[in-house]
Structures are given as C-alpha cells and as structure tokens.
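The next block holds one structure in the form of structure tokens; read it before the comments.
Rule-based calculations on the coordinates, nothing more; no lab input. Every value quoted in this text rests on a predicted model; they were computed, and no experiment measured them. Counting neighbours? That spans all protein chains shown, and the Cβs are built from the backbone with ideal geometry, glycine included.
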Amino acid sequence: MIHSAQAQSSNIPYRITLTDGRGHTWYADEPVADGGADTAPNPMQLVLSALGACTAITLQMYAGRKQWPLKQINVNLQLNPEGKPADGNQITRNITLHGELDDAQRQRLLQIANACPVHKLLEGNVSIPSTLAEATQA
C-alpha cells in the first residue's frame, strides 16, 4: 500500500488543509501565540497523534488475534517533556492497558507497541527528497 497525503495552505494564516487519496480531510494550524488561529492540532501534535493511533491500533489487532481480554487502550505522548535533549529528540509514550491481562500478556503488548509501523518509521533512517513543481497560473 502506498501512503500519501497532500497539504494545502489557505487564506487563513497557518491553517493547512490535509487530504489523502481516499477522501479524508483534516487540518493543521498553529497556536494563537505563534500567529495561527488554534483551530486544529499543530504539526508536532499530528506526528504524536499518528504514533498514538498506530500504537493503539496495533495493540488492538494483536490482542484480538490472540483473543486476549484487552478492553481499552490509552496512549499519552509528549515530545521532549524535559526539554530538548542535546542529541535528537525524545517522545515519551505512556500506555495504559485496560482489561484482565496477566503480566506476560502486558509485557508482550509492550513489545508489540514498540514494533508498530509509525514507531519503526520514527526510529528509522528517513530521507525526504524534495522537489518544486510548476505552479499553474489562475
């Protein structure tokens, strides 16, 4: 599967419309203090939410296949909660698993969380080749 998304600016400063090829639409914005209107998450919050969603979905899928009694998952994420490290960045992830799981199941789910696709993407080596397209004159 090819994953893709498009971002387009608007007349509202820093309000960005995001779309994908499947017809979904969502938004990004900046806080008022940074010149935005605070109408949507900022880009870093979107990255964190992608990791949180991937973590929860991956755990639901795994527990479902194993028929484990996982009832609910809460994932809380923070970027550099103790300030930006000297080298790189740090995302802290706190996962709360609800359900009558034993210690072995809980530990296995933590291992599975660390293998979710977005986690692997963020920890891996990512290159971003960029080009400029010709704008059409309206």
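Treating each Cα of the range 1-40 as an identical point scatterer and summing with the Debye formula, the log10 of I(q)/I(0) at q = 0.25, 0.28, 0.29 Å⁻¹ comes to -0.77, -0.88, -0.91. Cα extents for the chain along the principal axes, largest to smallest and rounded to whole angstrom: 61, 36, 30. Simple point charges give the picture: +1 on the Cβ of Lys and Arg, -1 on the Cβ of Asp and Glu, and for the chain a dipole about the Cα centre of about 560 debye. Spacing of the modelled spin labels on Gln8 and Ala135, each 7 Å from Cα toward Cβ, amounts to 1.5 nm. Sorting the segments 36-42, 126-132 by their residues' average number of neighbouring beta-carbon atoms within 10 angstrom, most packed first, yields 36-42, 126-132. When you restrict to C-alpha pairs under 8 Å that are six or more residues apart and normalise by the size of the chain, the relative contact order lands at 15 percent. In terms of the Cα gyration tensor, with a ≥ b ≥ c the square roots of its eigenvalues, is the range 6-83 rounded because a/c is under 1.5, prolate because a/b exceeds b/c, or oblate? The shape class here is oblate. The range 12-70 and the range 95-138 have Cα centres spaced 12 Å apart. Seen from Asn42, the other residues with C-beta closer than 15 Å to its C-beta sum to a net charge of -3, counting Lys and Arg as +1 and Asp and Glu as -1.
Only alpha carbons enter this Debye calculation for the range 43-124, each as an equal point scatterer, and the log10 of I(q)/I(0) it gives at q = 0.18, 0.24 Å⁻¹ is -0.75, -1.16. Toward the positive end of the charge dipole of the chain, with +1 on the Cβ of Lys and Arg and -1 on the Cβ of Asp and Glu, the farthest Cα among Trp26, Gln107, Pro13 is that of Gln107. Computed about its Cα centre, the charge dipole of the range 43-124 is approximately 240 debye, with only Lys, Arg, Asp and Glu carrying charge at their Cβ.
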